[in-house]
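We did not get these values from a lab; they are worked out from the coordinates using the rules stated. Note that the structure is predicted; figures quoted are calculated from it, not measured. For neighbour counting, all protein chains shown are included, and Cβ atoms are generated from backbone atoms with ideal geometry for every residue, glycine included.
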Amino acid sequence: MNRPLRAVTVFCGSSTGTDPAHRAGAVALGEVLVTRGIDLVYGGGSVGLMGVVADTVLAGGRRVTGVIPRHLYEKEVGHDGLTDLLIVESMHERKLAMADRADAFVALPGGIGTFEELFEVLTWTQLGIHDKPVGVLDVAGFYRPLLAFLDNTVEAGFLRPEHRANVLADDDPEALLDALSAWTPPATAKWADPTDR
């Protein structure tokens with residue numbers, strides 16, 4: 001049974017990258033969120049892909065909630081045109097607030113911060129801290145090397161195949177949101193084998 005997606009948290013870069021496809025991917029995702037009546041939760045910035053996806057969803061009339069640490073807001077990268085802007089004191093508070101407000105997570109292209117956010121929510125899924133689906137929008141093959149690295153991690157014995165399957169990926173935002181809605185948590189009862197010494 002498909003789960004309703006009322007709000008999706010999007011992780012993405014504070015720059016637009018070197019490939020125009022990155023910006024186009026952020027616009028496409030924003031437009032699909034609007035079409036499906038899904039609200040956006042994101043990092044609260046006005047710059048880069050963060051600003052692009054936020055502005056796209058706002059232009060379509062959906063709610064956009066930004067969560068930004070005070071020190072970043074004070075550097076004038078906060079978006080002042082959002083439906084809601086939550087200013088928090090730390091990056092840890094930011095990530096928790098974004099996760100609490102989401103039914104699912106999508107990573108667009110980005111840098112270290114985007115990867116860190118992506119892997120944290122994946123870890124929370126693996127540990128059973130939440131049961132929310134996580135996906136990457138593989139714009140212009142951006143995430144292909146990371147997905148291959150995860151496959152290598154399975155082969156090396158550090159990641160269970162069923163946990164690797166928690167990373168949904170598609171280059172089409174419609175298909176990715178369909179997969180997020182259809183996802184069910186893995187039935188694995190434990191995330192580590194205590195006999196593996």
**Study point:** Sites Ala165 and Ala24 - FRET efficiency at Förster radius 22 Å, r taken between beta-carbons, to 0.05
**Key:** 0.20
Practice item. For region 15-22, just list the computed ³J(HN,Hα) in residue order, Karplus coefficients 6.51, -1.76 and 1.60, θ = phi - 60°, integers in Hz, with x standing in for Gly and Pro. Key: 10, 9, x, 8, 9, x, 5, 5
Review point. Using the Cβ atoms and a cut-off under 10 Å, what net charge is assigned to the surroundings of Met91, where Lys and Arg are +1 and Asp and Glu are -1?
Key: -2
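Going by average Cβ density within 10 Å per residue, which order do the peptides 49-57, 153-161 take, highest to lowest? Provide the component values of the computation, followed by the final result.
Values: 49-57: 24.1, 153-161: 12.2.
The peptides rank, most packed first, as 49-57, 153-161.
Please get the size of the charge dipole for the chain, origin at its Cα centre, with Cβ charges of +1 on Lys and Arg and -1 on Asp and Glu, quoted in debye to the nearest 20.
Details: 17 positive and 27 negative charges, 59 e Å.
Around 280 debye, computed over the chain.
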Exercise for review: Determine, from the Cβ-Cβ distance of Arg6 and Met91 and an R0 of 25 Å, the FRET efficiency 1/(1 + (r/R0)^6), rounded to the nearest 0.05.
Suggested key: 0.50
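Per-residue ellipticity at 222 nm for the chain, helices alone: DSSP H runs ≥ 4 residues times -39500 (n - 2.57), over residue total, nearest 500 deg cm²/dmol?
Values: 7 runs with 79 residues, N = 197.
Roughly -12000 deg cm²/dmol at 222 nm, from the helical runs in the chain.
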**Study point:** Angle in degrees between helix 91-100 and the longest Cα principal axis of the chain, rounded to the nearest 10
**Key:** 80
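Between Ala182 and Phe149, take the C-beta separation as r, use R0 = 25 Å, and let me know the FRET efficiency to the nearest 0.05.
On the way: r = 25 Å, r/R0 = 1.00.
Result of the calculation: an efficiency of 0.50.
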Practice item. Return the distance in nm (one decimal) between the two label points of a simple spin-label model at Ser15 and Arg70, each offset 7 Å from Cα along Cα→Cβ. Key: 2.9
Practice item. Mind pulling the angle between the C-alpha long axis of helix 144-155 and the longest principal axis of the chain? Nearest 10 degrees, somewhere in 0 to 90. Key: 20
